[in-house]
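Scroll down for the structure; my scribbles are underneath it.
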Amino acid sequence: MTRALLLAVLLLIPSCHMSLGGMGGSSNMTFHGQDLCEIDGTIYVDDVLLPFSRWEAVTLAASTGTVLEVAVPTGDVELTAAAGNAARLEVLILSEVEGEGGAALLDGRVTAVVDGAGKVLINAIRGTVPASGRLLAASSTGMVSVSGLQADLETRTGTGEIRVRDSECSHLDASSGTGDIRIEGCTVDELSVSGGTSDLTLIGIRAGTGEVDSSTGDVSIDGSSFDELSIDTGTGDMTLADCTVKGTFSVSSGTGDLSIRGGRYKLVATSFGTGDVRLANTPDIETLR
């Protein structure tokens, strides 16, 4: 992937842009209007060192139909569905002055609160969230992990991995610049998964429509069923094992190969540059073109 294309992919993260100019273990980005630099794990905001860190709780109302947005620059986001009415997050607060700052939910977004003269930043989030509604979870370089939701879900990273498990969503959108994406045990009406150099793995998915795109990464789908499925890669290989596609399965690639092992497919429509199609374990394909 070219430098320009990678930058374009990383710009997908809401309100967050990462540059590739960091040297010697450093990275630079603008996050929610602040210039942020990480040097060997140490965070600076607007050239100010944030040497102090602590975890702080944020209690959420477990109401339905709401939008919750969580985004951090370099840390991880790890979320599971709340049981009952006790949704509760913990946020990692970095501060210039020890003990200063906090976190609050403002217009659906988990936001750092400045209560003194020093700089404050939220750099990781973990805990439980309302099971229903809509969730947007993002990290520039950290991992995003979500499980057990019954909500619309959008997850985005620049270089971090994405993991989604055991969720039921009307819409699930996962995208990353270079981090691998793994979605497992989910039931989805509309599924969209995209990566730049990322490897994309889907296991045990039940979906209406599925769109899977990767520029240079491989795509692997195992034990899943779709009403309609499309896969598009530039150079990545594609492997399907014991899957079912009830309608059209559209697959295209520049140089990647397609391997189908077992499963049932009504119509497989292919568009390839130099890639090959390999069939194993006698897949049941009604039409191949």
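Our summary of shape: the Cα atoms of the stretch 129-170 have principal axis extents of 27, 17, 16 Å, ordered from largest down, in whole angstrom.
Electrostatic tally near GLY223: other residues with Cβ closer than 13 Å to its Cβ, Lys and Arg +1, Asp and Glu -1, net 0. Seen from all directions on average, the stretch 39-132 presents a Cα convex hull projection of 6.1 nm². Net charge of the neighbourhood of SER95, taken over other residues with C-beta under 11 Å away and scored Lys/Arg +1, Asp/Glu -1, is -3. Evaluated at q = 0.16, 0.24, 0.25, 0.29 Å⁻¹, a Debye calculation over the C-alpha positions of the stretch 101-153 (equal weights, vacuum) places log10 I(q)/I(0) at -0.59, -1.09, -1.14, -1.29.
Our summary gives the chain a relative contact order of 10 percent, counting only alpha carbon pairs under 8 angstrom and 6 or more residues apart.
Under the simplified labelling scheme, the SER271-SER192 pair shows an inter-label distance of 1.8 nm, with each label point 7 Å from Cα along Cα→Cβ. Here the convex hull built on the C-alpha positions of the chain has a volume of 118 cubic angstrom per residue. Measuring max minus min along each principal axis, the C-alpha atoms of the stretch 105-254 give extents of 57, 31, 19 Å (largest first). Each distinct pair of alpha carbons in the stretch 170-273 adds a 1/r term; the inverse of their mean, the Kirkwood radius, is 13.1 Å. Fewest-first ordering of ILE162, ILE43, ILE203, ILE93 by other beta carbons within 10 Å of each residue's beta carbon gives ILE203, ILE43, ILE93, ILE162. If Lys and Arg each add +1 and Asp and Glu each add -1, what is the summed charge of the other residues whose beta carbon sits under 11 Å from the beta carbon of THR141? Result for the neighbourhood of THR141: -3. When you restrict to C-alpha pairs under 8 Å that are six or more residues apart and normalise by the size of the stretch 153-238, the relative contact order lands at 21 percent.
Size descriptors for the stretch 102-191, from the alpha-carbon set: Rg then Dmax equal 14.3, 47 Å.
Values quoted throughout were computed directly from the atomic coordinates according to the rules given, and no laboratory measurement underlies them. Note that the coordinates shown come from a computational prediction; the quantities given were computed from them, not determined experimentally. So basically every Cβ, Gly included, is an ideal-geometry build from the backbone, and we count neighbours across all protein chains shown.
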